[in-house]
Structure formats: structure tokens, C-alpha cells
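Below is one structure; the comments refer to it alone.
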Amino acid sequence: MGWMRVDAVMTSAVLLLTTDTPYRRIVELFAERGISGAPVVASTGVVLGVVSETDLLAGVAESGDRAPRRRLLHRHAADAGGVDAVGARTARDLMTFPALVVAPEAAVAEAARIMIDNHINRLPVVNGQGRVAGIVTRGDLLRAFRRTDEAIRTEIVDDVFRLVLRVGPPDVDVRVRAGLATLTGQLSEAGDIDRAVRLVRNVDGVTGVVNDLTYQGGDRRATG
């Protein structure tokens with residue numbers, strides 16, 4: 001199926017922090033690269049956690065120094081020298097852990113759900129060995145959702161129902177409005193309903209699924 005994968009929208013050139021990267025150096029690096037977060041890796045390259053601007057600001061807030069906090073909001077690296085109370089901290093002290101990650105081959109819809117469910121703005125993309133392959137942000141994922149409702153509907157009908165489930169109109173009807181897919185009609189088995197809902201949720205651009213599908217011999221609707 002033609003789902004957009006995470007590795008199609010992720011950034012491959014990633015700033016990697018070590019556990020002993022100093023607070024001030026992190027602020028400088030974020031300012032130099034125009035970023036707001038970076039993964040922290042072990043000596044083996046495995047992801048341990050993530051440091052974000054929120055983590056940096058939390059450190060300043062705990063120190064009781066409000067002036068540096070205002071300066072950090074503007075991300076001026078030169079201001080880092082004034083953060084005395086937290087300047088001795090390292091990425092190990094600041095990072096959020098364990099890190100939530102996503103695989104390169106995952107659908108962008110899966111990455112979006114992880115971000116939304118956990119109220120985070122970025123995800124390290126890791127390979128099978130747990131090493132960083134890239135990083136993906138909410139902005140990156142939005143690229144995949146710039147699709148018309150008609151394009152989304154066509155993919156659902158052709159790829160989900162016709163190609164995978166071997167069924168199509170008039171047995172099933174698909175309507176998409178603002179990314180919300182409404183599924184009606186009848187499938188052969190109850191298990192096909194759950195499968196259809198799962199597959200539709202992973203179609204790029206789908207923001208939700210209303211499931212009104214039934215199956216032959218019953219009227220049970222899978223939870224959607």
C-alpha cells in the first residue's frame with residue numbers, strides 16, 4: 001500500500017547529545033542549528049532520552065533565576081553564560097527518559113498518534129539496533145497530511161478495500177471529510193471489520209475513522 005513512511009519525511013542529519021554534554025553547550029547547539037530538541041545517546045549509539053527546550057527551561061525555573069529563562073525563550077546562545085545555577089548540569093540530568101521512538105518504516109499516522117498521545121513535538125527515528133536514523137517533528141508529519149479528501153478516499157477504496165479485502169462499491173461506501181473517514185457497508189467476516197478500520201487509520205491524511213461496517217450473518221460493529 002502507498003502509505004508514507006516516517007523515513008520519507010524525517011531529518012537524517014541529527015544533532016546527537018552525549019550524557020555528559022554540558023547545559024550551556026546544549027543551549028549553544030540549539031541556537032546554532034535552530035532546533036528545539038535532540039536525542040541523547042549512549043557510547044554505543046543507543047538512544048537513552050531526549051533533551052528539549054522545555055527541559056532546559058525547567059532547569060532554569062528550578063534555579064529560581066527568571067532572567068535567564070526569558071533569555072532562553074529567545075534562544076540566544078550568548079545568554080547561556082548567565083545560567084550559573086544550572087550550568088553544571090549535563091544532558092544526563094536534563095533529559096526526558098526513556099525516549100519514545102519510532103521505526104523508519106512506520107507509517108506517519110503512527111508517529112502522529114505517538115506524539116499526540118504523549119504531548120511531545122518530536123521523535124527519534126531508530127533502526128533495529130536502537131541507533132538513531134533520523135528525527136521527525138510534528139512539522140515534518142504535517143507534510144503527509146496535505147492531501148485532499150478525494151485522494152484519501154481513492155486510496156482507501158483502491159488499496160484497503162479492493163486490493164487487501166477484495167471488496168468495493170457497492171458493498172462498501174467510503175466518505176471522507178476533513179480527513180475523517182466514514183465507512184459503511186457489509187464485509188464477509190467480523191475480523192475483516194477490525195482489519196479494515198486498522199488499515200484505514202494508517203492511510204496518510206486520515207484524522208479519524210467512523211466505523212459503520214457490518215458483516216454477513218451479523219450486525220456487530222467493531223470498535224473504531
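Every number here is computed from the coordinates shown, using simple stated rules; none is lab data. If you're wondering where the values come from, they're calculated on a predicted model, not measured in any experiment. Don't worry about glycine lacking a Cβ; one is built from the backbone with ideal geometry, like all the others, and counts go over all protein chains shown.
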Value of relative contact order over the range 89-224, rounded to a whole percent, pairs C-alpha under 8 Å and six or more apart: 20
Give the relative contact order (percent, whole number) for the range 138-201; include only Cα pairs under 8 Å separated by 6+ residues. 29
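Check each of the trypsin sites (Lys or Arg not before Pro) in the range 96-152 and keep only those in coil by DSSP with at most 12 other C-beta atoms within 10 angstrom; list them in order.
Values: sites: R113, R122, R131, R138, R143, R146, R147; in loops: R146, R147.
For trypsin sites (Lys or Arg not before Pro) across the range 96-152 that sit outside H, G, I, E and B with at most 12 neighbouring Cβ atoms in 10 Å, the list reads R146.
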Would you report the distance distribution of C-alpha pairs in the range 149-215 as whole percents per 10 angstrom bin, up to the bin with the largest distance? 24, 64, 12
